[in-house]
Structures are given as C-alpha cells and as structure tokens.
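The structure appears below as structure tokens.
The values are calculated or read from the model by the stated rules, or taken from the named source; none is laboratory data. What you see is a predicted model, and the numbers here were worked out from it, not measured in a lab. So basically every Cβ, Gly included, is an ideal-geometry build from the backbone, and we count neighbours across all protein chains shown.
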Amino acid sequence: MTTPSSTATGKTQKYSLLIGVVVALAASACIFLVLFSRGHFRADPYIKSTLNLDGSLNKGSRLFRINCAGCHGISAQGLLGPNLHQVSERLNDTQIIRQVIEGRTPPMPSFKMEPQTMADLLKYLHSIN
Ligand code: HEC
C-alpha cells in the first residue's frame with residue numbers, strides 16, 4: 001500500500017533522476033562540441049596532405065639544421081629542447097606534426113610550413129631513430 005506522501009517522494013525521485021540524466025547529456029554534448037571545435041575528431045587536411053607526401057631526407061636534415069638545431073642540437077641530441085632520437089617511438093606522425101605547427105609548448109615556436117617541407121622534416125625525424 002502506498003501512502004500519498006510516499007507517492008510524492010517517488011515522483012520527486014523520478015524527477016531528480018530525469019534532471020540528472022538531462023544535465024549529464026547536456027554536459028557531454030558541451031564537452032563533445034569543445035573537442036570537435038578544437039579539431040579532435042576532424043581529419044586535418046594539412047596533416048592528411050603531409051602524410052600523403054614522400055619526404056626528402058636531404059632537404060629534411062638541412063631544414064632541421066636551420067630551424068631546429070639551435071634548440072634540439074645539431075644532431076638532435078638535445079639541448080634546450082629534448083633529444084629527438086627515437087621520437088617516432090614516443091609520438092605518432094600526427095602528434096609530431098602538431099608539435100611542430102601548433103606551438104602549444106613554449107618556448108618551442110609554431111612553424112608555418114608547406115606540407116612538403118613538413119614531410120621532409122618528418123623523413124629526417126624518422127631517420128634518426
Ligand atoms: C626555441 C627552441 C626550439 C626550437 C627552435 C624548436 N624546438 Fe622543438 N622543442 C623545444 C622544447 C623546449 C620542447 C619540449 C616541449 C615540452 O614538451 O614542453 C620541444 C619539443 C619538441 C618535440 C617533442 C619531443 C618529445 O619527445 O615530446 C618535437 C618532435 C620537436 N620539438 C621538434 C622540433 C622541430 C622539428 C623543430 C624545427 C622545425 C623544433 N622542434 C624547433 C624547443 C624548440
């Protein structure tokens with residue numbers, strides 16, 4: 001037998017459950033939108049075209065000496081920036097490209113370069129494993 005008061009409590013509990021579910025859904029939708037707008041679920045066209053290109057080891061190592069050696073060392077042995085030998089075992093190509101173009105870890109600047117130039121650099125970074 002349910003008394004009127006216990007029925008009211010049951011209803012309140014149902015409503016708070018419903019409100020909880022709605023709030024949780026709204027929160028996940030917000031998180032999804034933020035991640036989506038930051039490109040987490042998009043196949044970045046820059047990264048895609050870089051990965052489709054064949055890099056030149058020669059050009060890549062020259063580019064490295066000009067742009068990166070000041071911080072990472074002339075043979076990428078590490079200086080102000082970390083040693084980059086075996087970097088492709090720690091990071092996948094997409095992560096390496098992001099590291100170079102996004103500038104999210106100061107003092108390392110963001111580098112704006114053509115996909116072909118990035119592909120050349122990537123070739124060099126693969127070669128120093
Ligand atoms: C002004 C100094 C500076 C220059 C120039 C620089 N870097 Fe860096 N780099 C850093 C620092 C410092 C870090 C460490 C960032 C961190 O994780 O906080 C880093 C991290 C990295 C990483 C990630 C290493 C890891 O193990 O996570 C890669 C890859 C990298 N740099 C590549 C490059 C390449 C390629 C260039 C040239 C196009 C370059 N860097 C130029 C300072 C520099």
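Here are the numbers for this structure:
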| item | result |
| --- | --- |
| Sole residue being more than 13 Å from Leu125 (Cβ to Cβ) and in contact with a Cys (Cβ under 8 Å, 6 or more places away or on another chain), chosen from Leu35, Leu51, Leu79 | Leu79 |
| Test: residue in segment 31-41 that is more than 11 Å from the ligand (Cβ to nearest atom) and surrounded by 16 or more Cβ atoms within 10 Å (Cβ to Cβ) | no |
| Elements of type helices (runs of 4 or more DSSP H) contained in segment 39-104, each with 2 or more residues being over 20 Å from Gln116 (Cβ atoms) | 69-72, 87-90 |
| Scan of segment 66-78 for residues that are within 10 Å of the ligand (Cβ to nearest atom) and either outside the structural domain of Lys112 (by TED's automatic domain parsing) or surrounded by 14 or more Cβ atoms within 10 Å (Cβ to Cβ) (or both), ordered by number | Asn67, Cys68, Ala69, Cys71, His72, Ala76 |
| Hey, Gly10 on the phi < 0 side of the Ramachandran plot, touching a residue at least 12 places away in the same chain (Cβ under 8 Å) and of a type in the set (Gly, Ala, Ser) or not | no |
